[in-house]
1. Using a simple spin-label model with points 7 Å from Cα along the Cα→Cβ vector, what separation in nm is obtained for Arg180 and Glu79?
2. How are the alpha carbon pair distances in the stretch 38-111 distributed across 10 Å bins from zero to the largest one, expressed in percent?
3. For the peptides 62-71, 110-119, 28-37, 96-105, what is the packing order when you average, over each peptide's residues, the other Cβ atoms within 10 Å and list the highest mean first?
4. Quick one: which of Lys31/Lys76; Lys58/Lys97; Lys31/Lys58 span more than 18 angstrom between C-alpha atoms?
Amino acid sequence: MWHKVLISLTVVVVLHSVIVQAQSYEDVRCKCVCPNPSVVNGTQSNRNHYIGNVPPNKCNCETVILPRMGDDIKGKEQEFCPRCECKYESRNTTIIKVVVIIVIWIISLLVIYMLFLICLDPLLNKRAKGSYQEHTNEEDETSTSVGGGSSHAMGVRGNVLNRVGHQQDKWKRQVREQRRNIYDRHTMLN
């Protein structure tokens, strides 16, 4: 069963990477932040973003913004361009993809672990109720012995499940006691 899940997840990741590679992403860009063209006329002061894919040596107002503006700032280029800030930016989309895939795998593993614990909880509660032994000291738990022979492995497994179930019940009782003290009696435990 786990092999089928692992194979299907691998197929999904491979198909996703093929689809993503088919799309075109630009890892470099020239980002210019300029005032609104009407600021040259003295009416507004809002700023606009202009992004262009040009080489680093051509990341300036003349090659990125002026071809787009056209007639809006015709004749006032020398007033407009000094007010623009152009920066050449680069990013690595491969690293971004790898980080996203790692995060998705970690979340998937945590969800699978949570589902495992949810499935294990009824098994622990059934075993704990079926063979209940009252323990007064935690040290007594480690000194209990299981009968020998061929049932030794089964007894050890049952003993481990009993210990885990006992610790879980003990923790739940402590939580109930703390809630009762805090909400009903309005006192804190020491």
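Since every read-out is calculated from the coordinates, none of them should be taken as a lab result. Note that this is a predicted model, so its numbers are computed, not measured. FYI the Cβ positions are ideal-geometry reconstructions off the backbone, even for glycines, and counts take in every protein chain you see.
1. Roughly 8.2 nm, to one decimal.
2. Histogramming the stretch 38-111 at 10 Å steps yields 15, 34, 18, 14, 13, 6, 0 percent.
3. Packing order, densest peptide first, comes out as 28-37, 62-71, 96-105, 110-119.
4. Over 18 Å apart, Cα to Cα: Lys31/Lys76; Lys58/Lys97.
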